[in-house]
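Notes follow once the structure below has been shown.
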Amino acid sequence: QVQLVESGGGSVQPGGSLRLSCQASGYNFSSDCMAWFRQAPGMEREGIAYIYTGKPFTNYAGSLKSHFTISYDNVKNMVYLQMNALQPEDTAMYYCAADPGFCTGLETSEYRHWGQGTQVTVSL
């Protein structure tokens, strides 16, 4: 079965950086859509970025492209989210998601596979 496992979360000070990893297994992810979402306390889950692993082609939500970068390692079947200049408002549970074929957007309904999440906390 498909399994997505996130890692790399933790507590950092404002301005700090983290790189999240998502290990994918269960089938060939070489031509699929993979994405990162986050859910802050009291908020709905929101999309951050997606990457189509076949090209690759990427897209980002809002202004997150300035500090967040999504990438994919086709050898390790691993998706990364590099996060720089983190601020308290970035505190959230971060989730990896995947769906077969081309990427269509950053709505939760567009992804059929989800990881369990990794917590990111940004505070003094």
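Before moving on, here are some points about what is shown:
- In the range 32-124, the portion of solvent-accessible area held by carbon and sulfur atoms comes to 49 percent [1.4 Å probe, whole percent, DNA, RNA and ligands not counted].
- Each listed q (0.10, 0.16, 0.20 Å⁻¹) maps to a log10 I(q)/I(0) for the chain from the Debye sum over equal C-alpha point scatterers, namely -0.26, -0.69, -1.08.
- Using a simple spin-label model with pseudo-atoms 7 Å out from Cα toward Cβ, THR58 and GLU89 lie 2.2 nm apart.
- Couplings 3J(HN,Hα) of the range 65-81, computed from phi: 4, 5, 10, 10, 9, 9, 8, 9, 10, 6, 7, 8, 6, 10, 9, 10, 10 Hz, in residue order, whole Hz [Karplus 6.51 cos²θ - 1.76 cosθ + 1.60, θ = phi - 60°; x for Gly and Pro].
- Over the chain, relative contact order from alpha-carbon pairs under 8 Å, at least 6 apart, %: 37 percent
- Options PHE37, ASN74, GLY26, ranked by Cα towards positive dipole end of the chain, top entry (Cβ charges): ASN74
- Phi-based couplings in Hz for the range 86-92 (Karplus 6.51, -1.76, 1.60; Gly and Pro marked x): 5, 10, x, 5, 7, 4, 5
- Simple point charges give the picture: +1 on the Cβ of Lys and Arg, -1 on the Cβ of Asp and Glu, and for the chain a dipole about the Cα centre of about 240 debye.
- For the chain: accessible area per residue (Å², 1.4 Å): 52 Å²
- Inter-part distance where the range 104-124 and the range 1-33 are each reduced to a Cα centre, Å: 10 Å
- Spin-label model distance (nm) - GLN39 vs VAL2, 7 Å beyond Cα toward Cβ: 1.8 nm
The values are calculated or read from the model by the stated rules, or taken from the named source; none is laboratory data. Predicted model, so just to flag it, every value in this text is computed and none were measured. Cβ atoms come from the backbone with ideal geometry, glycine included; neighbour counts cover every protein chain shown. Only protein heavy atoms, including side chains, enter the accessible area calculation; ligands, DNA and RNA are left aside. Shrake-Rupley method; radii C 1.70, N 1.55, O 1.52, S 1.80 Å.
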